[in-house]
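Structure record follows, encoded as structure tokens.
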Amino acid sequence: MSSHRFFVYALTLLLLAYLLATNLGLLSFNFYIPLIIVSAFIGVGVGLSMRQQTERQQLRNKGRQEVMIEIVTQELNKKSESLVAINKLTQILGANVSLELLISRILNFLHNLFNSQKTWLLFKNPKNNGLDLYSLNNEEIVWKWLSLPERKNWFYLSLFEAAHSLFLTEAQLEELKEQLFWSKETIRSLYAAPLFRGDQISGAVLLGEVKEPSAEELDTLQTMAGPIGISIERVQMYTELEENYFATIKALASSIEAKDRYTKGHSERVTRLALALGERMGLTQEELEELKYGGLLHDIGKIGIPEYILNKPYDLTTEELAEIKKHPLIGEEIISSVAFLQEIAPYIRSHHERCDGQGYPDGLKSTQLGLGVRILSVCDAFDAMSTDRPYRQAMSFENCKKELLLQAGAQFDLEVVNTLIKLLNKYPQLYSLSSMSKDKAPSSPTITLNSP
């Protein structure tokens, strides 16, 4: 009730009281009763008015507090969501995976977080003075090499030289359309954030077809760009070291085979076949890595075997056979001083063991041999059968399969033999690579196998 309306009511009551007093002959009290009544009404009115004003103020204060609480809550929620996202990214970046898998996980993460229709990672490639572009296409990673623009446009200068994060509108993108890698696609908006390698720009995160990011989203992506760049640099360096290491391993394997003209390329062929079989039989990525190096070095101990024994064109004597059987132990001794080769020791020592326990050097049975070793044993024997040796000609594909099946369960693991034969029937080129003459065989052929 407003103060004005209250006083109108008070005056009306005052008049009524005065008339009542006059009629009752109480005119002598005409100032007391009305004044008492008026005082009461005025007092009550003032009290009500003050209380109402206080309540309104309290409501206004409460409203302000609720608004402030809502604002703070929203800010905390945004910070919380950002921290959760950064924590998830940290887990992705901390995984020990290949460069391709790391890039795949990063692209999928950014795509889901920012709801971008197009997601790219762009890296400078110092080896070919170009750019490596990785894009996400239906959850598959697509790689593309790009040449640097002959005349650097303002997009390139801003992103790669001034190190600015950019949000480009459709009009700005249209201006650059013919100079950028998506020239055949319609991109109506793009957010780009630079990646660093040390204090140098190494690449960029590119999010296409995305709404204009908020300040919080800009901060989040910029915060993420740093760890992404560092993590990719780490994996790239590790990959380079691994490639150098792999080249060294191949050189060692080649030096072994230089002593035996009949086994040139044997280790690579065995390794290629063993990896195809190991993948088919469900070996983990780590186990496949061990199998790869174990396959390349399984005969390294032959360095310690006289060449005349390795190249003897007829049957070995008992003494010579005993000498040949030393090569797994010699090989294990050679790698024992190399810390990063310790995990492949079982492949080198045990690749001539038999499932029935009649192999060498330890007479181990199938249950004592890992799946990788059993795979290597079968692939080693298959390559030996399918290539020329000093004491016989290469066996035909059918005869190789018959011999494997004949020895399955005794010399060889039955499941491994059956899986290999299915693989060879589906991909006969694997046999062709083994049976090629050494002069015609390619140095590093690639076989792509699809899952069954």
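Things worth noting here:
- Within the range 317-332, the set of residues being of a type outside the set (D, E, K, R) and over 42 Å from the mean Cα position of the chain (by Cα) comprises 317, 318, 321, 322, 324.
- Answer from 229, 295 - the residue that is assigned by TED's automatic domain parsing to the domain that holds residue 111 and not hydrophobic (A, V, I, L, M, F, W, C): 229
- Residue selected from the range 422-452 under the condition surrounded by 17 or more Cβ atoms within 10 Å (Cβ to Cβ) and in a helix (DSSP H, G or I), by the criterion modelled with the highest pLDDT: 423
- The requirement of being in a helix (DSSP H, G or I), in contact with a Phe, Trp or Tyr (Cβ under 7 Å, 6 or more places away or on another chain) and farther than 25 Å from residue 417 by Cα is fulfilled somewhere in the range 244-254, by at least one residue.
- Selection over the range 220-276 of residues that are surrounded by 13 or more Cβ atoms within 10 Å (Cβ to Cβ), closer than 22 Å to residue 379 by Cβ, at pLDDT below 85 and of a type in the set (S, T, N, Q) gives a count of 2.
- With respect to (1) part of a helix (DSSP H, G or I); (2) of a type in the set (A, V, I, L, M, F, W, C); (3) in contact (Cβ under 8 Å) with a residue 40 or more places away in the chain, the lone exception for residue 404 is condition (3).
- Residue 359 being surrounded by 15 or more Cβ atoms within 10 Å (Cβ to Cβ), at pLDDT 90 or above and under 40 Å from the mean Cα position of the chain (by Cα): no
- Flag for residue 296 being surrounded by fewer than 16 Cβ atoms within 10 Å (Cβ to Cβ) and at negative phi: no
- Matching entry among 344, 335, 309 (being crowded, with 16+ Cβ neighbours inside 10 Å and more than 41 Å from the chain's Cα centre (by Cα)): 309
- Test for residue 217: is it out of contact with any Gly (no Cβ under 7 Å at 6 or more places or on another chain), under 20 Å from residue 117 (Cα atoms), surrounded by 15 or more Cβ atoms within 10 Å (Cβ to Cβ) and touching a residue at least 12 places away in the same chain (Cβ under 8 Å): yes
The values are calculated or read from the model by the stated rules, or taken from the named source; none is laboratory data. Keep in mind that this is a model prediction, so the values were computed, not measured. Methodologically, a virtual Cβ is constructed for each residue, glycine included, from the backbone with ideal geometry; neighbour enumeration extends over all protein chains shown.
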